[in-house]
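Enquirer: Below you'll find the structure I mean.
The values are calculated or read from the model by the stated rules, or taken from the named source; none is laboratory data. Please read all numbers here as calculations on a predicted model, not as lab measurements. Don't worry about glycine lacking a Cβ; one is built from the backbone with ideal geometry, like all the others, and counts go over all protein chains shown.
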Amino acid sequence: MKSKIINVFIITLFILGHESNIIAQEASQTGVKFSKDLISNFSNAQFLKEEEAFNRAHGQEVKIKVETYHELGIALYQNDDLDNAIIVFQKSALVHPNNDSVLNIISRLYEQQNNIEKAITYNEQAIQVSINQAAGNEGYYQGEIVRLNRRPANPGIDILFEDGKYSFKKDNKQLITDIIVQSEKELRKLLPSIPEDIRLIVTIIDREINIVGGVTGRADTHNPAGEIIIEISNVFPGGIVAASKRALRATLYHEFHHLSRGWTIKNNKYGPGISIAAVNEGLAVVFSELYTGVIEEGNSYPEEVNTWVEEILKLPKNASYYKWVSGEHPDGRTAIGYRVGNYIIHEALSNSGKSILELSKLSPEEIITLAGF
Ligand SMILES: [Zn+2]
């Protein structure tokens, strides 16, 4: 299903991953770039020397670009040199004190070193900068802090009710727990490859998501343990109880299918590409619809869907995930990947005579072919 957080997360990853290329071109044009030597053999002294050389050449008032620091920091990170990557990003933050995303990157690096305290501190700083700059990212960083403060997962099915802006009432928790426990029992029979340990983090949101029945989810990882975020909207007509009764089971079917297929944010088994995303989302949508009978408007497709399929098949591998899958296209269409995926799977099912479980074992390419494209 769809979530705002996932978009921010994927966009961040996207920027991180693609920045180096863009910057490399720019840097070679201007000649401003840290030496390659600094990547393989980093030393503080050499780093400072190169910064000073830049300042001598351009004057103190010209700053080394954020992107130039990032290129070096990312290269060090990719070399597993976390300590020095942190030094470089910290310097970038010092030179560019109004950039909140640099602080969040430093937080992520500290998290990878298991220094949770520092990771939280840097997100707190990012919140301050975001507020001061009216960047609007403070909610995301606040969520990061909540995540970093989570207790470790318990074995088996572990339900963590995460109170934030809103708290769960006792009877809400009981209803949700009952639905999860029952659904898990059913799903283990259908999807035997799902991990033994699965943590479900359940939160309340005040975003209107009526188009998916008031509940949305996100599968974060499937290996070695599973982790799923479930968001329940308190502005759904009838509130938390009505949303949970309407769409929680269907959302669990959708997200558990992602776990079984390895279509998760971390440890993802698939390469990039909108058509791959569409097929994996489509499989989860149709699996959930067929077994729960709950069909949501947010996944439906129009009559001209064929042209939408042709459109996404022509997209480059790095096309925007937000625009084409989870969010809104500038022309007003929403959740294109889900709708197209839903159609592709229905076509593949009827052309092949296979069941949804059989289809779920095939690669995205095989499924697209079966669908007749
Ligand atoms: Zn999904």
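Enquirer: Can you tell me which of Y122, Y141, Y110 is closer than 19 Å to G164 by Cα and part of a helix (DSSP H, G or I)?
Expert: Y141
Enquirer: Search segment 144-165 for residues that are without any contact (Cβ under 8 Å) to a residue 12 or more places away in the chain and pair each with any residue that is β-branched (V, I, T) and loosely packed, with under 11 Cβ neighbours inside 10 Å when their beta-carbon atoms are under 6 Å apart and the residues are at least 6 apart or on different chains.
Expert: none
Enquirer: Would you mind telling me which numbered condition in (1) touching a residue at least 24 places away in the same chain (Cβ under 8 Å); (2) more than 16 Å from S92 (Cα to Cα); (3) loosely packed, with under 11 Cβ neighbours inside 10 Å N44 fails?
Expert: (2)
Enquirer: Given the options S167, S101, name the one that is under 30 Å from E52 (Cα atoms), out of contact with any His (no Cβ under 6 Å at 6 or more places or on another chain) and hydroxyl-bearing (S, T, Y).
Expert: Values: S167 fails: under 30 Å from E52 (Cα atoms).
The unique qualifying residue is S101.
Enquirer: So, one more: Does segment 339-347 contain at least one residue that is over 18 Å from I209 (Cα atoms), within 16 Å of the ligand (Cβ to nearest atom) and of a type in the set (K, R)?
Expert: no
Enquirer: Please verify whether segment 144-158 includes one or more residues that are touching a His at 6+ places or on another chain (Cβ under 9 Å) and either away from the ligand (no atom under 16 Å from the Cβ) or assigned to a loop (DSSP other than H, G, I, E, B) (or both). Outline the logic, then answer.
Expert: We begin by selecting, within segment 144-158, every residue touching a His at 6+ places or on another chain (Cβ under 9 Å); these are none.
Looking through segment 144-158, none of the residues is touching a His at 6+ places or on another chain (Cβ under 9 Å) and either away from the ligand (no atom under 16 Å from the Cβ) or assigned to a loop (DSSP other than H, G, I, E, B) (or both).
Enquirer: Okay, next question. Suppose we keep only residues that are in a loop (DSSP other than H, G, I, E, B) and touching a residue at least 60 places away in the same chain (Cβ under 8 Å) within segment 234-271. Which one would you say is nearest to the ligand (Cβ to nearest atom)?
Expert: By that ranking, first place goes to I265.
Enquirer: Can you pull out every residue in segment 279-311 that is more than 15 Å from I211 (Cα to Cα), away from the ligand (no atom under 11 Å from the Cβ) and either at pLDDT below 95 or not in a loop (DSSP other than H, G, I, E, B) (or both)?
Expert: V279, V286, L290, Y291, T292, V305, N306, T307, W308, V309, E310, E311
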